[in-house]
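Step one of this worksheet: look at the structure below.
Every number in this text was worked out from the coordinates using simple rules, so none of it is lab data. Bear in mind that the values here come from a model prediction, so they are computed numbers and not experimental data. Glycine gets a Cβ as well: all are built from the backbone with ideal geometry, and neighbour counts include every protein chain shown.
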Amino acid sequence: VGNPKLHSEIVRTLETSVEHVLFGRARVTVSAHRDSYRDLIHEHEVELDGEPRIHYENDEGTESWGTETSVHAGLGAGWSIRAGHAWSHSESDDGEPHNFPAHVVNGGLRGPIAPGTYLAFAAAWVDHRRRELTDEEAAADPDAVLRVPPYLLVDASLRTEGWGDRLGLQVGVRNVLNRRITDPVGAEHKPIVQVDQEPRTLHGAVDYRF
């Protein structure tokens, strides 16, 4: 169903960051951001001539802000380590959005295990801290996921460039711990109420530089 009053979404972003090198080998970065989303377009189901139709409208806006801190450091012998923390908070006209994580703690380790061959690990701990649904919201949508507990994701990969300067091969495993993760989605995506994330997955890539 057409809507002649529908207009574009408006997004405004402000970000600032500071970077500093410590002891000649560690790089520390601190940043802050604020994002504004106005006139977000959502779909609604309406009835026309006895048939359900999809109608698009400009609904509520969303404000989010947060900080991020990261440290990258060399350990010697070609190995490096990184760690970081991101915090964010979001609010919308009808309550906190479903899919904004409150805390993400991440880290990684990378280094050579043979000439031209590198091993890397990455981990992220995610805490969504979504708002609890009211009794009326839960009764209206019994399939909705109220809250996802904090979870840990671990990835591992192996990359080799030992076959010349142009050919590279990489293999890896995503979600090494095989965490079963389900993320809720906003009401605009109904009848979908949740998205299941990938379980443990093996992946590979070959690249050639001309």
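Observations
- Segment TRP79-GLU45, extension gain: residue separation times 0.36 nm, minus the distance between their alpha carbons: 6.8 nm
- Placing one equal scatterer on every Cα of the stretch 1-82 and applying the Debye formula, the log10 ratio I(q)/I(0) at q = 0.14, 0.20, 0.24, 0.27 Å⁻¹ is -0.68, -0.92, -1.06, -1.17.
- Computed over the stretch 15-131, Cα set: Rg, Dmax in Å: 21.6, 72
- Spacing of the modelled spin labels on LEU22 and HIS72, each 7 Å from Cα toward Cβ, amounts to 1.6 nm.
- Rough spin-label spacing in nm, given labels placed 7 Å along Cα→Cβ, for ASP165 and THR29: 2.9 nm
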